[in-house]
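Novice: Structure below; questions to follow.
The values are calculated or read from the model by the stated rules, or taken from the named source; none is laboratory data. Note that this is a predicted model, so its numbers are computed, not measured. Here the Cβ positions follow ideal geometry from the backbone for every residue, glycine too, while neighbour counts run over all protein chains shown. Note: areas computed on protein heavy atoms with side chains; ligands, DNA, RNA excluded. Shrake-Rupley method; radii C 1.70, N 1.55, O 1.52, S 1.80 Å.
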Amino acid sequence: MRRPSPAYVPGLFIRGPIKPRVMEIGILTRNPSAWCSRELARAFSELGAKVTFMKFDRLSARVGFRPLASHRRPDLRAVEALDALVVRPIGRGSLEEIIFRMDLLRRLEEEGVVVVNPAEAIEICSDKYRALWLMELAGLPVPRTFVAEDVRSAMRAFYELGRDVVVKPLFGSRGAGSVRVTDPDTALRVFRAIAFQHGVIYMQEFVPHGPYDIRVFVVGGEVVASMRRVSGHWKKNIALGARPEPLELGPELAEMAVRAAEVTKCEVAGVDILPGPEGPLLTEINSQPGWRGLQSTTRTDIAMRIASYVLSKIRA
């Protein structure tokens, strides 16, 4: 007797091939009209997936009854019914808001939703100190960095670091709030202002690196693109006016970037590298990186690489 095919059910007649189920993807973003969000939606749509935009501040959660998570939009089903959720910048928020957002992502992960990047990666990379010591622990080169709440200790470290430092917010990206300090009186005023606001003093030695730094984009443990960010200013962020230029990355820097993404649990990462006088140094890693500037330097469709990776995780 002939064995029935997996699609055959006795007594049931099907016309034509069985259509594969359409994957449902949520994109969490502050601005659905933003270039990166639109690019992601385009890539997922071209791959046959259905895309829904959502905002963190419109999500709600339930415990003890269903749905576990929902969105204010009336046309959206339970969030846990999605196949995957791609997280773009989570935006500013109070401590309570940020904790709730991360807890909700973890709950969705437990329910089987593929979340990229996962909550753990976002938490690690949002905290510059934690990300940096994890990279140091893995044997990766990082700049000398000091973190404290105490102004006197910070002043001692200012001298230890050669009286030329970059003071950064512990949380933040795109160079916002970062300031280079070379004068002791200015350093004291900056440290006191941070302490007065109950902030944490986070400073790194200034590393001379010429007219550019390096951004490497990693997806699923592979480098998909890289660029030089060129500027006459010591800040080399594209958002602050730096010029993107193509860069063919060597194996040493590629391995360094992939390893940095791995130790910070990032599946999609923007890794920043300074070409210092004594060798390259990892300064930061972004778990929700933009790539508009980078896309102008490469033929690789970065959004398509992200979308393909997410869909492959769903099917795995």
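Novice: Kindly provide the GluC sites (Glu not before Pro) of region 75-117 that DSSP labels as loop, not H, G, I, E or B, and whose Cβ sees at most 16 other Cβ atoms within 10 Å.
Specialist: E111
Novice: Report the local net charge at L249: Lys and Arg +1, Asp and Glu -1, summed over other residues whose C-beta lies under 12 Å from its C-beta.
Specialist: Charge balance in the 12 Å sphere: -2.
Novice: Let me ask another. Calculate the dipole size of region 125-170 relative to its Cα centre from +1 charges on Lys and Arg beta carbons and -1 charges on Asp and Glu beta carbons; express the result in debye to the nearest 20.
Specialist: 80 debye
Novice: May I ask for the distance between the Cα centers of region 254-313 and region 27-41, given as a whole number of Å?
Specialist: Between the Cα centre of region 254-313 and that of region 27-41, the gap is 18 Å.
Novice: Could I ask something else about it? With θ set to phi - 60°, apply the Karplus curve 6.51 cos²θ - 1.76 cosθ + 1.60 along region 219-230 and write out the HN-Hα couplings as whole Hz, x wherever there is a Gly or Pro.
Specialist: 10, x, x, 10, 6, 9, 6, 7, 8, 8, 10, 9
Novice: Follow-up. If you add up the charges near D185, with Lys and Arg at +1 and Asp and Glu at -1, over every other residue whose beta carbon is less than 14 angstrom from its beta carbon, what do you get?
Specialist: Residues near D185 contribute +2 overall.
Novice: F206's amide H: which non-local residues (gap 5+, or another chain) put their own amide H closer than 5 Å, with H modeled 1.01 Å from N in plane and none for Pro or chain starts?
Specialist: HN-HN under 5 Å from F206: D164, V165, V166.
Novice: Net charge near G139: determine it from the other residues with C-beta under 14 Å of the C-beta of G139, scoring Lys and Arg +1 and Asp and Glu -1.
Specialist: Neighbourhood net charge equals -3.
Novice: Any idea what the relative contact order of the chain is, in percent, if you count C-alpha pairs under 8 Å spaced at least 6 apart?
Specialist: Normalised by residue count, the contact order of the chain is 17 percent.
Novice: List the GluC sites (Glu not before Pro) within region 198-253 that DSSP assigns to loop and that have no more than 11 neighbouring Cβ atoms inside 10 Å.
Specialist: The qualifying sites are E248.
Novice: Farthest toward the dipole's positive end in the chain, which of A187, W234, I124, given Cβ charges of +1 (Lys, Arg) and -1 (Asp, Glu) about the Cα centre?
Specialist: With unit charges placed on the Cβ atoms, the residue in question is I124.
Novice: For region 97-113, in order, what is each residue's ³J(HN,Hα) by Karplus, 6.51 cos²θ - 1.76 cosθ + 1.60 with θ = phi - 60°, in whole Hz (x at glycine and Pro)?
Specialist: So the Karplus estimates, Gly and Pro as x, are 4, 5, 4, 4, 4, 5, 4, 5, 4, 5, 5, 5, 4, 5, 7, x, 6 Hz.
Novice: Going through region 206-253, which trypsin sites (Lys or Arg not before Pro) have at most 13 other Cβ atoms within 10 Å and a DSSP loop state?
Specialist: Answer in residue order: no site qualifies.
Novice: Mind listing the long-range amide H neighbours of V114? Cut-off is under 5 Å, sequence gap 5 or more, other chains count too, H placed in the peptide plane at 1.01 Å from N.
Specialist: A84, L85
Novice: Under a crude label model (7 Å from the Cα following the beta-carbon direction), how far is R156 from E97 in nanometres?
Specialist: Between R156 and E97, the simple spin-label model gives 3.8 nm.
Novice: Also: Farthest toward the dipole's positive end in region 25-121, which of P32, V63, A43, given Cβ charges of +1 (Lys, Arg) and -1 (Asp, Glu) about the Cα centre?
Specialist: Going by the charge dipole, the pick is P32.
Novice: For the pair R62/R30, report the inter-label distance in nm, with labels modelled 7 Å from Cα in the Cβ direction.
Specialist: 3.1 nm
Novice: When DSSP assigns beta bridges and you keep just the ones with both residues in the chain, what percent turn out antiparallel, to the nearest 5?
Specialist: If I count the DSSP bridges inside the chain, around 75 percent turn out antiparallel.
Novice: So, one more: Which far-off residues, 5 or more places away or on another chain, put their amide H under 5 Å from the one on F53, with H placed in the peptide plane?
Specialist: Amide H to amide H, under 5 Å and 5 or more residues apart or across chains, F53 pairs with I27.
Novice: So how do S226, S312, S126 rank on accessible area, 1.4 Å probe, biggest first, that is with the largest at the start?
Specialist: Details: S226 10, S312 60, S126 40 Å².
Greatest to least solvent exposure: S312, S126, S226.
Novice: For region 248-262, just list the computed ³J(HN,Hα) in residue order, Karplus coefficients 6.51, -1.76 and 1.60, θ = phi - 60°, integers in Hz, with x standing in for Gly and Pro.
Specialist: Each residue's phi maps through the Karplus curve to give 8, 7, x, x, 5, 5, 4, 5, 4, 5, 5, 5, 4, 5, 5 Hz.
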